[in-house]
Amino acid sequence: MHTEIKPGIHWIGIVDWGLRHFHGHELSTNRGSTYNSYLILDEKIAVVDTVWAPFTDDYLAQLRQLVDPARIDYVITNHAEPDHSGALPALMREAVNATVVVSKKGMDSVPGHYHQDWRFKAVGTGDTLSLGRRELLFLEAPMLHWPDTMFTYVKNDALLFSNDAFGQHYATAFRFNDQVDPLELEQEALKYYVNILTPYSAMVTKKIAEILALKLPVDMIAPSHGVLWRQNPLQIVTKYQEWAAQQPQPQAVVLYESMWHATRRMAEAVGDGLADAGVPYKLIYASANDRNDILTDIFQAGAVVVGSSTVNNGFLPSLAPIFSEWKGLRMKNKIGAAFGSYGWSGESVKLVEAQLKECGVTVAHPGILAKWQPKPEELEACRALGRAVAATLKGETKA
Ligand code: FEO
């Protein structure tokens, strides 16, 4: 149901409670998502972004309750990804008088998706568009997270439409941050940052500094997914600055995959060693957990110790997609180590160490390899590894 978020400005999005996977199966969305579209009713009428194509009929029905689509002057498309532009072709069939407003890079991505002969207007950072009583200001935000991404700022309302930035895959009954569980909200905002924006952290830092330097008042941040930041809206900007800095946190993840519990017992011993040294850790059984949640835990940890049994001269295959995605996210400032059990060939530890290095992790201590079930002294070596990793994490020893 549409919601007036400021006088004359309406949320006309869709809440997708059932969504569990995004980008194909690249990203889990265990709390669903929303596709936020906005309608600005002024002397000129503008729509900001649309919704994913399967929801087109519901979306247009909702929009028609507020305005005749033929009266729409501008459809501002901040980003071409189909979760926001999917309903654009159907909207443009009815919004016969509208111009599609895009960033300069959007002149490539939007026509590239739809191949339609629409009227386009390309805008760049600092360009403005008057709607009558209100003026819009455009801010390009390339690689947050596509080249075409831009933000649209409504000067008179101090309202920032930030597209994917500051969003969350989070379906709720409410539209604003002060109406939902703050811990759930932070968890989903963080998961979103980690799995979508981490590779572009340097650009996030730069773009935020550039926007803050403009000293624009910000009364509300309205992203294209999840709830809108109405109460203390800059809190999410501060969080993004913190996440983008990727400072190592004094906590660890022990991630493992095990065939017959030998590596599991080693993992627990590593955890005991970390705890002995006062470092909190999460022990994660890889195949029993969500890959994107694991990566979110890894993002928050300054140290990651990974274990695997050896099978077919390699590590266990359930770790492979985690390493694959971890590499792409280009996380920084982590130390780590490896451990694992074997029966006759024993390659897993060396291979896991190689994967950690490819993920940008500094392998700080030699790995521990145990044959068959670990002997008491091998479990003690795992505890010692945990303590050694903790000491390096705390800066007491060098990596
Ligand atoms: Fe990059 Fe929500 O689309």
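The values are calculated or read from the model by the stated rules, or taken from the named source; none is laboratory data. Predicted model, so just to flag it, every value in this text is computed and none were measured. Every residue, glycine as well, gets a Cβ built from its backbone with ideal geometry; the counts of neighbours run over all protein chains shown. What goes into the accessible areas is simple: the full protein's heavy atoms, side chains included, and nothing from ligands, DNA or RNA. Shrake-Rupley method; radii C 1.70, N 1.55, O 1.52, S 1.80 Å.
Results, tabulated for the structure shown:
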| read-out | value |
| --- | --- |
| Ser345 versus Thr362: modelled label distance in nm, points set 7 Å from Cα along the beta carbon direction | 3.3 |
| The chain: relative contact order as a whole-number percent, Cα under 8 Å and 6+ apart | 11 |
| Where N is the number of residues in segment 155-215, Cα Rg divided by 2.2 N^0.38 Å | 1.27 |
| Reduced Cα scattering model of segment 241-399, Debye log10 I(q)/I(0), q = 0.18 Å⁻¹ | -1.01 |
| MRE, 222 nm, helices only [DSSP H, n ≥ 4, -39500 (n - 2.57), over the chain, to nearest 500] | -10000 deg cm²/dmol |
| Alpha carbon centroid spacing (whole Å) that separates segment 200-217 from segment 318-369 | 34 |
| Highest-fluctuation residue, Asn195, Asn163, Asn312 considered, GNM on the chain with Cα pairs under 10 Å | Asn312 |
| Span from the segment 295-313 Cα centroid across to the segment 85-113 one, whole angstrom | 43 |
| Expected-Rg normalisation [2.2 N^0.38 Å, Cα atoms] applied to segment 97-177 | 1.21 |
| For Pro147, net neighbour charge (Lys/Arg +1, Asp/Glu -1) across residues whose Cβ lies under 11 Å away | -1 |
| Local electrostatic count at Leu385 - Lys and Arg +1, Asp and Glu -1, tallied over other residues with Cβ under 12 Å | -2 |
| Subset of Lys105/Lys207; Lys6/Lys215; Lys191/Lys350 violating a 28 Å alpha-carbon distance limit | Lys191/Lys350 |
| Amide N of segment 249-268 lying under 16 Å from the label point, which is placed 7 angstrom from the Cα of Glu396 along Cα→Cβ | 250-252 |
| Dimensions (Å) - the chain, Cα atoms, principal axes, largest first | 78, 40, 35 |
| Set of aspartates and glutamates with alpha-carbon distance to Lys327 below 19 Å, sequence-local pairs under 8 removed | Glu26, Glu257, Asp290, Asp293, Asp297, Glu353, Glu358 |
| Nitroxide proxy distance, nm - points 7 Å out along Cα→Cβ at His25 and Ala384 | 4.2 |
| Within segment 310-354: backbone nitrogen closer than 19 Å to the Gln373 label point (7 Å, Cα to C-beta) | 310, 340-344 |
| For segment 252-391, accessible area per residue (1.4 Å probe, heavy atoms of protein chains only), Å² | 40 |
| Kirkwood Rh, Cα atoms: Rg over Rh of segment 229-313 | 1.11 |
| Extension gain, Arg330 back to Lys282 (0.36 nm per residue minus Cα-Cα distance, nm) | 15.2 nm |
| Counting all C-alpha pairs of segment 40-99, share separated by more than 12 Å (%) | 62 |
